[in-house]
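Readers should treat all values here as calculations from the given coordinates under stated rules, not as data from a laboratory. Because the structure is a prediction, the values reported are computed rather than measured. Note that we place each Cβ from the backbone using ideal geometry, even for glycine, and neighbour counts take in every protein chain shown.
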Amino acid sequence: MSQPKHKKKSQVPPDEKLWRRISVKFGNNEELWDNLWDSDAIYSFIVEKEKLGLNNKESKQLKSKIDEILAHSKKGRQWFLHQEKTNFTLRKPKEISEIEANIRDWRHFFNSQSPTEEISLTGQLPGEEATNYKLIEDVWFAIISNEKLPEEFSLSEKEYIVKWKAYDLIKDAKTFAITCSGLRFRDALPSIALLLIKSKRINATQLLDLRLNHLRMNSSNPFGRDYDSRLSDIAERIPDVDADNALKDGRTDLRHLPFVTIDPKTAKDFDDAVCLVEENGKRTLWVAIADVAHYIEPETLLDEEAQARATSVYLPHAVLPMLPSRLSDNLCSLRSKVPRLAMTVSMQIEDDWTIGKVAAFESVIEVRENLSYEDALDNPRFKNMMDLAEGLRQNEIRLNLNSAELRPRVDDDEISVNVKWPNKATEMIETFMVATNNSIGIMLGEENAPLPWRSHAPPDAPEVEELNAKFEAMGINIELPMPSVKKFGQSEEAELASMLGDWANSGNIQISGLESSDSQDEVPQYLKNVLDPEARKNILVSLKEAQQKASNLKNATRRVVDHGLFYLLQRAIYSPDNLGHFGLNLDAYVHFTSPIRRYADLVVHRQLKSFLKNEEWIHSEEEITKISEQCTANSREAKTIEWELVANAFHLHLLRGGTIDSIKDSDDELELKQWPARVVGLRNPWIFLDLLDDGAIRGKLHVSQLGDGRRLSTDEFGLYLIDEKSANTDQDKVVLSLGQKFPCRLRGLDLWSGELDLAPI
């Protein structure tokens, strides 16, 4: 017969046990309570009052135990109040009673609100509850702002205490915020933010700034909201453009060319201008880029700060600029009707839509107009330029995964969200900039200039293999070729040697069945590491064909293919070695066209100036290596911050019941409450969903939301969500299938991580 289990007694903490042992003997003697004590005095007091007859060993043990307890109690400050060094007083019983009474009151307040319904806001609660809620609101504001908590938020009249025994007042305040918000979050901060906004304690802009400050303090974020005043002063002292003196210094006067800038409506810095000149049967595309390198010299204070930032960051409510506003918004910005210094590239367009002769100039230009994409769209003035862009794209073999882009705008507390889709005007400017970057890459590459190449690797073979298996299992007639490790101009023997390893590549190993080729074409130095063009072309053509096949499929599979192809591609990086740009199908690609907002572009400008003046390269290979690493790291950090704050604004907009404008092929606004979403990915423990069936908005749903006590998992290929315990037929085991429509609702939003948390309707 089993013995009954005895209830475990609650453990009394050692510091409380010692406090009780002493305080009983203090009684009502105020003098003893008010005295300063140390461990020796407490030891002597106990020995005397308890009349302990201790031997030497016992005496040392008691003294050591008292020292240990008092040292530990210093951290908690619950029973013993340390005054200075080793001196302390005992907390009085009356004070402890007050603390415990306050704990009961706070617990009652927190528990008196319904956990299922959103509570009333400040001013709508009766008397004392309203006062408590206002105090908690102050606490929330302090938590989210990283400020000192209010003095009133204490458990004692004399001292600020947050924790007492197992009770945590701050933890309760955070849990209370989650209850009040009525939504599910992974932590309390988003709930706190939402409640403070609803009570008008902060607005949307302040929320984003608070989050930005948090990221600034708790990460390697180098992007300050404002420029250091000393650097701003340096920038303010830079003189205005003197066109006459610039021309005397050898610049080419191109003010007669009809340059225009075409940018988003909200753009403040104009770093590129374009024009098309057609004369004598020849077409020349001119692209002028702001000459930032003229103003930012290497190893100056402005250069050090620009390099530290490496990029501008564009947020829903602000821009974190790489350069001070004097440069980014004024001197370097290609404003209309004022002379500006530029680095200008001319590209002659051949009859077969290829780029022929290319030239570069240090120049003076004068932009005729600053236009928006909307101004250029369907404008007959730009028909020839639109036709040119289409012609250039005819020769392109590259994957086009353009999808909608969510662009929230925040002004104080007003939030608007637009879905922006590519149009002919945006595609035209993108085509011209890609052509310019490619032309400069070829020009400087042929001169073996040290450059921060913009490199994009092909997909990893295991990822391609996995996606092919998924397509086959779905019955989709798409098979992507495995990426080749063959380099530009590399022989089959060398390719195999590379695959086998360095030991085979030493030349001492004879590889059966292959003969060395002495007639291998010499590979230009700047193309030595580029993936073989034919190998790259094959997989790109295959990816485009997959896209085309997907467009002809029914929606159930089309979005699955698009999702798979999108996540197949790797991120581009800056590299001192030219590794080629897989996504653009280019052998030589650098960033040149945006030096106002990217440091890598500024570096390429400096190297181009060195080439044009036949001087030593301004940046060495060692410098370029460091710059490439930093620009890669900072661009990723910037993108992470941008995505997070975009998600913050977007999700806050959703929580307020906001709508989304400019939905493709419709003038209607979309009210986002629930969606018949498309399942586009299954990977434990997440179900990935395309909310509008167009790639614009995505969400995730945790498999536990479909559990109901069932054990759910995905199959080998990620095609089905299966109930593993089902005893019925195989068909009955399937809970959810890849590609099917699935009705979802908004369950919760994590303002910090940028994820839509969805649940089944």
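Some points to look at:
- Rounded, prolate or oblate (a/c below 1.5 giving rounded, otherwise prolate when a/b exceeds b/c) for segment 249-441 by Cα gyration tensor: oblate
- Segment E446-R201, extension gain: residue separation times 0.36 nm, minus the distance between their alpha carbons: 82.2 nm
- The calculated FRET efficiency for F45 paired with K171, based on their beta-carbon distance and R0 = 30 Å, is about 0.25.
- Rounded to the nearest 10 degrees, the angle from helix 169-181 to the longest Cα principal axis of the chain is 60 degrees.
- Rounded FRET efficiency, nearest 0.05, which uses the C-beta distance separating E622 from N423 and R0 of 30 Å: 0.10
- Percent of alpha-carbon pairs separated by more than 36 Å within the chain: 60
- Total lysine pairs in segment 259-415 at Cα distances under 27 Å, for residues eight or more apart or on different chains: 8.
- Leading residue at positive end of dipole, the chain (Cβ point charges), from P685, C631, G699: P685
- Separation of segment 232-271 and segment 158-209, taken as the distance between their Cα centroids, equals 49 angstrom.
- Among the lysines of segment 144-214, pairs that are 8 or more positions apart or on different chains and have alpha carbons within less than 21 Å of each other number 10.
- One decimal place: the segment D460-E369 gains 28.2 nm when fully extended, by the rule 0.36 nm per residue minus the C-alpha distance.
- As a length-normalised measure over Cα pairs under 8 Å and 6 or more apart, the relative contact order of segment 34-90 settles at 45 percent.
- For a paramagnetic label modelled on A359 (point 7 Å from Cα along Cα→Cβ), amide N atoms under 19 Å away belong, within segment 568-612, to 608-612.
- Between the listed residues N384, Y599, H108, the Cα displaced farthest toward the positive end of the dipole of the chain, a dipole computed from Cβ unit charges relative to the Cα centre, is found at H108.
- Rel. contact order, % - alpha carbon contacts under 8 angstrom, at least six apart, the chain: 11
- 15 Å Cα-Cα reach of K74 towards aspartates and glutamates, excluding residues that sit fewer than 8 places from it in its own chain: D15, E16, D38, E84, E159
- Ranking V561, I202, G580 by how far each Cα lies toward the positive end of the dipole of the chain (charges on Cβ) leaves I202 at the top.
- Which of R335, R571 has the fewest Cβ neighbours within 10 Å, and the rest in rising order: R571, R335
- With Cα atoms, 0 to 90° folded angle of helix 14-26 axis to the chain main axis: 30
- Assigned charges on the beta-carbon of Lys, Arg, Asp, Glu; the chain dipole about Cα centre (debye): 3820
- Gain upon complete extension [S64, R21; 0.36 nm per residue less C-alpha separation]: 13.8 nm
- Degrees, to the nearest 10: 189-198 long Cα axis against longest axis of the chain: 90
- As a ratio to 2.2 N^0.38 Å, the alpha-carbon radius of gyration for segment 34-90 is 1.16.
- 25 Å Cα-Cα threshold exceeded, pairs from K424/K486; K65/K92; K486/K549; K470/K700: K424/K486; K486/K549
- Approximate spin-label separation A71-E430, in nm, with each point projected 7 Å along Cα-to-Cβ: 6.5
- Extending 7 Å from Cα along the Cβ direction at S713 and again at R393 yields two label points whose distance is 4.6 nm.
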